[in-house]
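I have placed the structure first, in the form of structure tokens, so that the comments after it can refer back to it.
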Amino acid sequence: MRINTVAIVGGGRVGSGIAIVTAKAGLKTILTEQSQELAEAALENIEREIDAQIARWGMTQSEKKLVLTNLDSGDDIERSSEAEVVICSVQDEFEEQREVFTRLNDLCKPETIFSTNASVLSITELATVLDHPEKMLGLHFLNPVLKTKLVEIVRGFKTSDETYETGRKFIQSLGKTGIEVFETPGFVTTRLILPLINEAMHALLEKVASAEDIDTAMRLGYNMKMGPLEIADRMGLDRVLLSMEHLFRESGALKFRPCPLIKKLVRAQHVGVKTGEGFFKYDTQTGKKLSTSLSI
């Protein structure tokens, strides 16, 4: 199946990043938010991100024009009906995503590929609301979408080989590397990064070292681009906590039981880059890390 149009439901940080990537690849991209106000805010964030990329020589003015020409943002989910691929990029909460897919099932063509960017939810369970569950798969783009080359292509219990192959070619056309993942809580990337983040938080809570030194140890000791605490800030501590709690319920494994420190920060609404403060302070416009902020 030839893919010309992609519909993305959810214009947050990751959803907007996916929209830039698909529109830049020459695909008509339909981005839907819950209200026109949120849709306009998503478009503003997209333009701001592209301008930041241009300032760093990561994109050109002509690529910006291509993205904005191919991008259609609004609050009417019915526009998704013309897409060959739909991607749900709302919060990792089952009921919210199930509601989206129930609506899309009534709107879209039988041959449409349905996908979710969820990092922990069951692809198999989400597919139960579809008339054609074999058309469902996970497409887990990692944040920041523009810089991260990897996409996890997740098979649900009923995902067909044809659907997987279409998804693989679609991801390849975006200049990304897709890996085949068979459904398990947390897939590969989330399952592996969360215990590292959790242990880093415990080390901080136990005053083994400062937040800065814990991250420096992992960056320089293991050639990581960012330390685990900064990674958590950039993922969003609220999302990290939600994912940990989900995986702890699903697996019962103590490695996923959230450190008390992350609950403290989320309750204080210090959730990382998007609020300007988590384990570190950030410029909310540029995302640049400014300093260590946490005092325990």
Checklist line | Sites Arg249 and Glu63 - FRET efficiency at Förster radius 41 Å, r taken between beta-carbons, to 0.05 | finding: 0.45
Checklist line | Cα-based Rg and Dmax for the chain, where Dmax is the largest Cα-Cα distance (Å) | finding: 19.0, 56
Next item on the list: Starting from the stretch 29-127, pick out the chymotrypsin sites (Phe, Trp or Tyr not before Pro) whose DSSP state is loop and whose Cβ has at most 16 other Cβ atoms within 10 Å.
Entry: Trp57
Notebook entry, point to check: At a Förster radius of 35 Å, what calculated FRET efficiency corresponds to the Cβ-Cβ distance of Ser81 and Asp51, to the nearest 0.05?
Noted result: 0.65
Notebook entry, point to check: Can you give me the relative contact order of the stretch 1-142 as a percent, contacts being Cα pairs under 8 Å and 6 or more apart?
Noted result: 26 percent
Notebook entry, point to check: How about the stretch 143-219: which trypsin sites (Lys or Arg not before Pro) there are in a DSSP loop, with at most 13 other Cβ atoms within 10 Å of their Cβ?
Noted result: Lys147, Lys149, Lys207
Next item on the list: Quick one: check the C-alpha center-to-center distance for the stretch 151-172 versus the stretch 223-292, whole angstrom.
Entry: 29 Å
Next item on the list: Identify the residues of the stretch 241-279 with backbone N under 18 Å of a label point that sits 7 angstrom from the Cα of Lys207 along the Cα-to-Cβ direction, or state none.
Entry: 260-261
Item checked: Spatial extent of the stretch 165-245: Rg and Dmax, with the Cα atoms as the point set, Å -> 15.5, 49
Next item on the list: Any chance you could give the angle, 0 to 90 degrees and rounded to 10, that helix 13-24 forms with the longest Cα principal axis of the chain?
Entry: 50 degrees
Item checked: the stretch 239-296: GluC sites (Glu not before Pro) falling in loop per DSSP and having at most 16 other Cβ within 10 Å -> none
Checklist line | Charge dipole magnitude, Cβ of K and R +1, D and E -1 - the chain, Cα centre, debye nearest 20 | finding: 1040 debye
Notebook entry, point to check: Can you list the lysines whose alpha carbon is less than 27 Å from that of Lys109, not counting same-chain residues fewer than 8 positions off?
Noted result: Lys24, Lys28, Lys135, Lys158, Lys169, Lys176
Next item on the list: Please name which of Ile77, Val14, Leu204 has its Cα lying farthest along the dipole of the chain towards the positive end, using unit charges on Cβ (Lys, Arg +1; Asp, Glu -1) and the Cα centre as origin.
Entry: Leu204
Next item on the list: Could you name the lysines whose alpha carbon sits less than 26 Å from that of Lys255, not counting residues in the same chain fewer than 8 places away?
Entry: Lys207, Lys225, Lys263, Lys264
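Values in this text are rule-based calculations from the coordinates and carry no lab data. Note that the structure is a prediction, hence the values are computed from the model and not measured. Counting neighbours? That spans all protein chains shown, and the Cβs are built from the backbone with ideal geometry, glycine included.
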